[in-house]
Amino acid sequence: MTITVTPDPFVLVPYDAATIRSIIEDTAAQLELSASIDISLRVDEQLPHPILATNVDIVDGAISLFVSGGNFESRNKSRTFSEVHARAEIAHMLFRAKDRFDGGFENAPVDADLTLGERQSWDIYAWGRVARIGHNVHQQKRIYDFRMQHGFTDAADAAYERLWSAQTMTWDGVREICAETGANERPTPKTPIDLLRQGV
């Protein structure tokens, strides 16, 4: 397994690429990812907290990850690396990468083509697993973000619980949940992170 972290070295924030590579290596082993799969992570150090975003795609058989610098940032001290947040975020991304390889999401669109409802559903399925392997996950924030896309209804809350507690889930299951809550009937506006990444 080859693990690549860019930038290396970091210029705008005092993060250490070697530390991040070590966390990726540890987490990949914990999730039992195949050692034959290469992983690359690009950290956008220009995007601070609270501009948070991750993307997970498979490119030429390798895992390609993107994360905003704010995802790894301490909530108490700006521009300071938080290993706690980094480990949770990396676990979240690698769970989704594993889903794409052999976890029932092999036919899912690339992240850029997911609706906000689909992405939120998949995220909750991943965050539930992240919490169960021992990471600190801010569940109230996850519930709020999910409701923003699926509605503040009993049906949405039931869907959230189903995703959070699921031992297994598939892409078809995510689409069914979005149909049940009506999430895919909502418009999908460009978010600030989309515009920043496109250079708008």
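Only the coordinates and a few stated rules stand behind these numbers; no lab work does. Quick caveat: nothing in here was measured; it's all calculated off a predicted structure. For neighbour counting, all protein chains shown are included, and Cβ atoms are generated from backbone atoms with ideal geometry for every residue, glycine included.
Restricting to Cα atoms and excluding each atom paired with itself, what does the Kirkwood estimate give for region 1-102 in Å?
13.5
Testing the spin-label approximation: label points 7 Å from Cα along Cα→Cβ at Asn136 and Ala179. State their distance in nm.
Label-label distance for Asn136 and Ala179, simple model: 4.1 nm.
Sequence gap at least 6, Cα distance under 8 Å: using those rules, report the relative contact order of region 1-102 to the nearest whole percent. Write out the running numbers ahead of the final one.
On the way: 172 pairs, mean separation 27.7, N = 102.
In percent, rounded to a whole number, it is 27.
In whole Hz and in residue order, list the ³J(HN,Hα) couplings for region 82-96 that follow from phi through the Karplus curve 6.51 cos²θ - 1.76 cosθ + 1.60, θ = phi - 60°; x for Gly and Pro.
Once rounded to whole Hz, the list reads 10, 5, 4, 5, 4, 5, 5, 5, 5, 4, 4, 5, 6, 4, 5.
Which whole number in µm²/s is D for region 60-159 by Stokes-Einstein, with the Kirkwood Rh taken over Cα pairs at 4 °C and 1.567 mPa s?
Values: Rh = 14.8 Å.
My calculation gives 88 µm²/s for D.
Share of Cα-Cα pairs in the chain beyond 28 Å, in percent? Write down the numbers at each step before the final one.
Details: 4694 of 19900 pairs.
Result for the distance tail: 24 percent.
Rounding to the nearest 10 and keeping the result within 0 to 90°, find how far the Cα-based axis of helix 17-30 lies from the longest principal axis of the chain.
That helix lies at roughly 50 degrees to the long axis.
Within the set of other residues whose C-beta is less than 12 Å from the C-beta of Asp8, count the net charge using Lys and Arg as +1 and Asp and Glu as -1.
Numbers: positive: Arg21, Arg42; negative: Asp16, Glu45.
Net charge around Asp8: 0.
So how far apart, in nm, are the two label points at Asp16 and Ser34 if each is 7 Å from Cα heading toward Cβ?
3.3
How many angstrom lie between the Cα centre of region 104-154 and the Cα centre of region 1-65?
20
For each of Tyr125, Tyr15, count neighbouring Cβ atoms within 10 Å of the residue's Cβ, then give the residues from fewest to most. Show your work: numbers first, answer last.
Numbers: Tyr125 26, Tyr15 22.
Ascending number of Cβ neighbours within 10 Å: Tyr15, Tyr125.
With both partners inside the chain, how many of the DSSP beta bridges are antiparallel, as a percent to the nearest 5?
On the way: 7 of 17 bridges.
Once the DSSP bridges in the chain are tallied, antiparallel ones form about 40 percent.
Per DSSP H run of at least 4 residues, take -39500 (n - 2.57); add these up for the chain, divide by its residues and hand me the 222 nm value, nearest 500 deg cm²/dmol.
Details: 7 runs with 92 residues, N = 200.
Taken over the chain, the calculation gives -14500 deg cm²/dmol.
Under 8 Å for C-alpha pairs, at least 6 residues apart: give me the relative contact order for the chain, rounded to a whole percent. Present the calculation step by step, with values, prior to reporting the outcome.
Values: 288 pairs, mean separation 33.6, N = 200.
Relative contact order, the chain: 17 percent.
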